[in-house]
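The values are calculated or read from the model by the stated rules, or taken from the named source; none is laboratory data. Just so it is clear, the model here is predicted, and its values are computed rather than measured. When we count neighbours, we look across all protein chains shown, and the Cβ atoms used for this are built from the backbone with ideal geometry, even at glycine. Heads up: the accessible areas ignore ligands, DNA and RNA and are worked out on the full protein's heavy atoms, side chains in. Shrake-Rupley method; radii C 1.70, N 1.55, O 1.52, S 1.80 Å.
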Amino acid sequence: MSLELRIVELETRQAFQDDTIQALNDVVVEQNRVIERLQLQMAELIKRYEEMSGQYGSAAEEAPPPHY
(Lines give C-alpha, C1' and ligand atoms only; values in the text may rest on other atoms or scores of the structure.)
Protein backbone atom coordinates (compact mmCIF):
# COMPACT_ATOMS: atom_id res chain seq x y z
CA MET A 1 0.00 0.00 0.00
CA SER A 2 1.43 3.36 -0.94
CA LEU A 3 2.10 6.08 1.57
CA GLU A 4 -0.58 8.28 0.03
CA LEU A 5 -3.25 5.57 0.39
CA ARG A 6 -2.24 5.00 4.00
CA ILE A 7 -2.53 8.71 4.75
CA VAL A 8 -5.95 8.88 3.09
CA GLU A 9 -7.06 5.85 5.13
CA LEU A 10 -5.86 7.44 8.36
CA GLU A 11 -7.54 10.75 7.56
CA THR A 12 -10.78 8.93 6.78
CA ARG A 13 -10.63 7.07 10.08
CA GLN A 14 -9.90 10.27 11.93
CA ALA A 15 -12.90 11.98 10.33
CA PHE A 16 -15.21 9.14 11.40
CA GLN A 17 -13.72 9.15 14.89
CA ASP A 18 -14.23 12.90 15.17
CA ASP A 19 -17.89 12.48 14.20
CA THR A 20 -18.31 9.67 16.72
CA ILE A 21 -16.66 11.66 19.49
CA GLN A 22 -18.90 14.64 18.77
CA ALA A 23 -22.01 12.45 18.80
CA LEU A 24 -20.96 10.89 22.10
CA ASN A 25 -20.24 14.31 23.56
CA ASP A 26 -23.72 15.49 22.56
CA VAL A 27 -25.24 12.50 24.34
CA VAL A 28 -23.18 13.14 27.48
CA VAL A 29 -24.20 16.81 27.54
CA GLU A 30 -27.89 15.88 27.19
CA GLN A 31 -27.60 13.24 29.91
CA ASN A 32 -25.99 15.81 32.19
CA ARG A 33 -28.96 18.13 31.66
CA VAL A 34 -31.37 15.30 32.45
CA ILE A 35 -29.42 14.36 35.59
CA GLU A 36 -29.42 17.96 36.81
CA ARG A 37 -33.17 18.23 36.23
CA LEU A 38 -33.77 14.93 38.06
CA GLN A 39 -31.62 16.08 40.98
CA LEU A 40 -33.68 19.25 41.30
CA GLN A 41 -36.90 17.23 41.18
CA MET A 42 -35.58 14.81 43.79
CA ALA A 43 -34.60 17.67 46.09
CA GLU A 44 -38.11 19.12 45.73
CA LEU A 45 -39.69 15.74 46.48
CA ILE A 46 -37.51 15.29 49.56
CA LYS A 47 -38.47 18.76 50.75
CA ARG A 48 -42.19 18.01 50.28
CA TYR A 49 -41.81 14.64 52.00
CA GLU A 50 -40.11 16.23 55.00
CA GLU A 51 -42.84 18.87 55.21
CA MET A 52 -45.55 16.23 55.08
CA SER A 53 -43.71 14.02 57.58
CA GLY A 54 -43.51 16.96 59.94
CA GLN A 55 -47.24 17.58 59.68
CA TYR A 56 -48.22 13.96 60.20
CA GLY A 57 -45.40 13.21 62.61
CA SER A 58 -46.63 15.78 65.12
CA ALA A 59 -50.17 14.38 64.92
CA ALA A 60 -48.87 10.86 65.61
CA GLU A 61 -47.12 12.07 68.77
CA GLU A 62 -50.40 13.31 70.26
CA ALA A 63 -52.37 11.08 72.61
CA PRO A 64 -55.06 8.93 70.96
CA PRO A 65 -58.65 10.18 71.12
CA PRO A 66 -60.68 9.20 74.22
CA HIS A 67 -62.77 6.59 72.37
CA TYR A 68 -59.71 4.30 71.97
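For the stretch 1-27, a residue qualifies if it is open to solvent by less than 90 Å² (accessible area, probe 1.4 Å) and of a type in the set (A, V, I, L, M, F, W, C), and the qualifying residues are 7, 8, 15, 23, 27.
The C-beta contact set for the stretch 21-36 (first residue modelled with pLDDT of 95 or more, second residue in a helix (DSSP H, G or I), distance under 8 angstrom, 6+ apart or interchain) is empty.
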